[in-house]
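Below you'll find the structure, written out as structure tokens, and then a few comments.
The values are calculated or read from the model by the stated rules, or taken from the named source; none is laboratory data. These numbers were taken from a predicted model, which means no experiment stands behind them. Here Cβ is always computed from backbone atoms with ideal geometry, including for glycine, and neighbour counts include all displayed protein chains.
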Amino acid sequence: MIESLASEAVLPYGAAHPRVARSRRLSPAPVFAVTSGKGGVGKTNVVANLATALARQKRRVMAIDADLGLANLDLFLGVTPSRTLADFFSGAATLDEVVLTNRDGILLLPGASGTQEITTLNRDQKSALLTELDAMTQELDLVLVDTGSGISDVVTYFTSAAQEIVVVVTPEFASIADAYALIKVLVSLHGRKRFAILANNIADEAQARRLFDTMSGTALRFLNASLDFLGWIPRDPQLLRAMALARTVVTEAPNALSSRAFHALAEQFIRMSGRTKAKGNLQFFLRRMLAAEVNS
């Protein structure tokens, strides 16, 4: 019963599909931005658990902590950075010296918490990041970008450059309203028209569907934007306990309902990555970042 519910939680069109065999990429991996309209909706926890589930399904994953004000993805992945993106941009460290690998083999590019925002970097600094990161990710399957929350320039800067945008939202009115505001900015200022919605901390599928239908109808009517229902992560005491310890539920309670949901969500991302590859990859993501400076 639990396994069935977990599959339904993140697979809106039926049961989980068979796992996709690991590919040998000859080009950089596609980029998925995981974002939210407000803080406190579990976005970083989603990224950490999703990355862990993907790694345990034999996928090579890099997680980029792009929350440059309050970077904390490293805590959930169980690593302690000695260097961050700030050291790379200052020339104090190479990207190889900044990137960490956690116990599950996830590569983490830690954010520069409380320091210079990437939007203030010059073209040479961004080009250096493009060159080194492009070479480093030739063998990866996916790149997950944990953005900050809200509609600040740095959030929309990272989010708009990704091939796929996943918006994490909870049933709270403020979360829904702020998620809509973020989508509106990305549509009006960055020309994005398609978004995947992941409902988090959900009681049941009916609640997830109501949340999605509300957002989807409003976005289509007023923004001419298309929302896709990616699925939902259930409200789970074991997930809350793992979060309180700054750990992933996938690791701490692998049989929990939420753990099974994250593994099913990983299947969704694996299938999405196959479609996304046609749209571009990490190099495309970084070149869009460079273009943003030229156009600003």
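Quick check, is Ala66 of a type in the set (A, V, I, L, M, F, W, C), under 18 Å from the mean Cα position of the chain (by Cα) and at pLDDT below 90? Step through it out loud before you land on a result.
Numbers: of a type in the set (A, V, I, L, M, F, W, C): yes; under 18 Å from the mean Cα position of the chain (by Cα): yes; at pLDDT below 90: yes.
Spelling it out, Ala66 is indeed of a type in the set (A, V, I, L, M, F, W, C), under 18 Å from the mean Cα position of the chain (by Cα) and at pLDDT below 90.
Could you grab me the full set of residues in the stretch 105-141 that are at pLDDT below 75, assigned to a loop (DSSP other than H, G, I, E, B) and touching a strand residue (DSSP E or B) at 6+ places or on another chain (Cβ under 8 Å)?
Thr137
I'm trying to understand the selection: among the residues of the stretch 71-85, which are assigned to a loop (DSSP other than H, G, I, E, B) and not aliphatic (A, V, I, L, M)?
Just the residues of the stretch 71-85 that are assigned to a loop (DSSP other than H, G, I, E, B), to begin with: 71-72, 78-84.
Those that are assigned to a loop (DSSP other than H, G, I, E, B) and not aliphatic (A, V, I, L, M): Asn72, Gly78, Thr80, Pro81, Ser82, Arg83, Thr84.
When you go through (1) more than 17 Å from the chain's Cα centre (by Cα); (2) without any contact (Cβ under 8 Å) to a residue 12 or more places away in the chain one by one for Ala219, which number turns out not to apply?
(2)
Based on what the data block shows, is Arg83 at pLDDT below 95 and more than 27 Å from Ser152 (Cβ to Cβ)?
On the way: at pLDDT below 95: yes; more than 27 Å from Ser152 (Cβ to Cβ): no.
No.
For the stretch 128-140, indicate whether the set of residues that are under 28 Å from Val98 (Cβ atoms), under 11 Å from the mean Cα position of the chain (by Cα), crowded, with 18+ Cβ neighbours inside 10 Å and among the hydroxyl-bearing types (Ser, Thr, Tyr) is non-empty. Break it down stepwise before answering.
Of the stretch 128-140, the ones under 28 Å from Val98 (Cβ atoms) are 128-140.
Now restrict to residues that are under 11 Å from the mean Cα position of the chain (by Cα): none.
No: zero hits.
Being part of a strand (DSSP E or B) and on the phi < 0 side of the Ramachandran plot, is that true of even one residue in the stretch 86-94? Step through it out loud before you land on a result.
Let us first name the residues in the stretch 86-94 that are part of a strand (DSSP E or B), namely none.
No, the stretch 86-94 contains no residue that is part of a strand (DSSP E or B) and on the phi < 0 side of the Ramachandran plot.
Scan the stretch 246-268 for residues that are assigned to a loop (DSSP other than H, G, I, E, B) and crowded, with 24+ Cβ neighbours inside 10 Å and jot them down.
Looking only at the stretch 246-268, we keep the residues that are assigned to a loop (DSSP other than H, G, I, E, B), and these are 246-248, 253-256.
Once the filter is applied, which keeps residues that are assigned to a loop (DSSP other than H, G, I, E, B) and crowded, with 24+ Cβ neighbours inside 10 Å, the stretch 246-268 yields only Thr248.
If Ser4 passes every condition in (1) in contact with a strand residue (DSSP E or B) (Cβ under 8 Å, 6 or more places away or on another chain); (2) at pLDDT below 80; (3) in a helix (DSSP H, G or I) but one, which one does it miss?
Tallying (1) in contact with a strand residue (DSSP E or B) (Cβ under 8 Å, 6 or more places away or on another chain); (2) at pLDDT below 80; (3) in a helix (DSSP H, G or I), Ser4 fails exactly one: (1).
Is it the case that Val155 is under 28 Å from Glu267 (Cβ atoms), modelled with pLDDT of 80 or more and crowded, with 20+ Cβ neighbours inside 10 Å? Talk me through it step by step, then tell me what you get.
Working: under 28 Å from Glu267 (Cβ atoms): yes; modelled with pLDDT of 80 or more: no; crowded, with 20+ Cβ neighbours inside 10 Å: yes.
The answer is no for Val155.
Quick one: what pairs do we get from the stretch 22-35, first residue part of a loop (DSSP other than H, G, I, E, B) and at pLDDT 85 or above, second surrounded by 18 or more Cβ atoms within 10 Å (Cβ to Cβ) and not acidic (Asp, Glu), C-beta under 9 Å, 6+ apart or different chains?
none
From Ala162, Ala179, Ala219, Ala206, grab the single residue that is touching a helix residue (DSSP H, G or I) at 6+ places or on another chain (Cβ under 8 Å), aliphatic (A, V, I, L, M) and farther than 26 Å from Leu70 by Cα. Give the derivation first.
On the way: Ala162 fails: farther than 26 Å from Leu70 by Cα; Ala179 fails: farther than 26 Å from Leu70 by Cα; Ala206 fails: touching a helix residue (DSSP H, G or I) at 6+ places or on another chain (Cβ under 8 Å).
Exactly one of Ala162, Ala179, Ala219, Ala206 is touching a helix residue (DSSP H, G or I) at 6+ places or on another chain (Cβ under 8 Å), aliphatic (A, V, I, L, M) and farther than 26 Å from Leu70 by Cα, namely Ala219.
Return the pairs, sorted by first residue and then second, in which the second residue is assigned to a strand (DSSP E or B) and exposed (fewer than 13 other Cβ atoms within 10 Å of the Cβ), the first residue lies in the stretch 193-207 and is in contact (Cβ under 8 Å) with a residue 12 or more places away in the chain, the beta carbons are less than 7 Å apart, and the residues are 6+ apart or on different chains.
Lys193/Ser226; Arg194/Ser226
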